[in-house]
Amino acid sequence: MTKYGYARVSTASQSTKEQIQQLLENGVEKKNIFSEKFTGTKRDRPKFNQLLAGLKSGDEIVVTKLDRFARNTREALDIIEPLLDDNVTIKVL
């Protein structure tokens with residue numbers, strides 16, 4: 001099992017620093033943190049897609065808030081349901 005973190009901000013003026021710190025404090029190794037500056041309304045988030053593509057059964061994704069993972073509940077469910085089917089755990093801090 002590998003624990004991965006995902007940090008995202010919507011604008012160039014924002015920073016992922018605080019999110020990354022929280023992920024580190026919750027046991028995610030720095031090398032396993034994916035971060036990017038992309039609006040949540042765009043589904044084509046390169047780092048997020050890279051993270052999803054590399055997941056294996058038993059892995060865990062940690063995010064600081066659900067809105068960093070997806071823009072709304074429906075989108076979150078569309079992403080999370082197949083991950084759960086593949087035995088990937090999602091942890092929202």
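Can you work out which of the residues in the range 62-87 that are touching a Ser or Thr at 6+ places or on another chain (Cβ under 7 Å) and at negative phi is modelled with the highest pLDDT?
Asp86
Pairs please, first residue from the range 19-34 and without any contact (Cβ under 8 Å) to a residue 40 or more places away in the chain and of a type in the set (A, V, I, L, M), second anywhere and in a helix (DSSP H, G or I) and surrounded by 17 or more Cβ atoms within 10 Å (Cβ to Cβ), Cβ atoms under 8 Å, 6+ apart in sequence or on different chains.
Within 8 Å, the pairs are Ile33/Ile20; Ile33/Leu23.
Please list, ordered by first then second residue, the pairs with beta carbon atoms under 6 Å, 6 or more apart or interchain, first in the range 37-54 and at pLDDT below 75, second of a type in the set (Gly, Ala, Ser).
Taking only residues 6 or more apart or on different chains, the pairs are Thr39/Ser10.
Do the conditions hold for Val88, that is, is it touching a Leu at 6+ places or on another chain (Cβ under 7 Å) and surrounded by 16 or more Cβ atoms within 10 Å (Cβ to Cβ)?
It is true that Val88 is touching a Leu at 6+ places or on another chain (Cβ under 7 Å) and surrounded by 16 or more Cβ atoms within 10 Å (Cβ to Cβ).
Could you list, in sequence order, the residues of the range 46-79 that are among the hydrophobic types (A, V, I, L, M, F, W, C) and under 22 Å from Glu29 (Cα atoms)?
Phe48, Leu51, Leu52, Ala53, Leu55, Ile61, Val62, Val63, Leu66, Phe69
Checking the condition within 10 Å of the chain's Cα centre (by Cα) and not charged (D, E, K, R), which residue from Leu55, Leu84, Leu51 passes?
Just a single option satisfies the conditions, and that option is Leu51.
Somewhere in the range 56-69, is a residue surrounded by fewer than 16 Cβ atoms within 10 Å (Cβ to Cβ) and touching a Gly at 6+ places or on another chain (Cβ under 9 Å)?
yes
Quick check: is even one residue across the range 28-38 more than 13 Å from the chain's Cα centre (by Cα) and hydroxyl-bearing (Ser, Thr, Tyr)?
no
The values are calculated or read from the model by the stated rules, or taken from the named source; none is laboratory data. Remember, predicted model here, so these are calculated numbers, not experimental data. Positions of Cβ are generated from backbone atoms using ideal geometry, with glycine treated the same way; all protein chains shown enter the neighbour counts.
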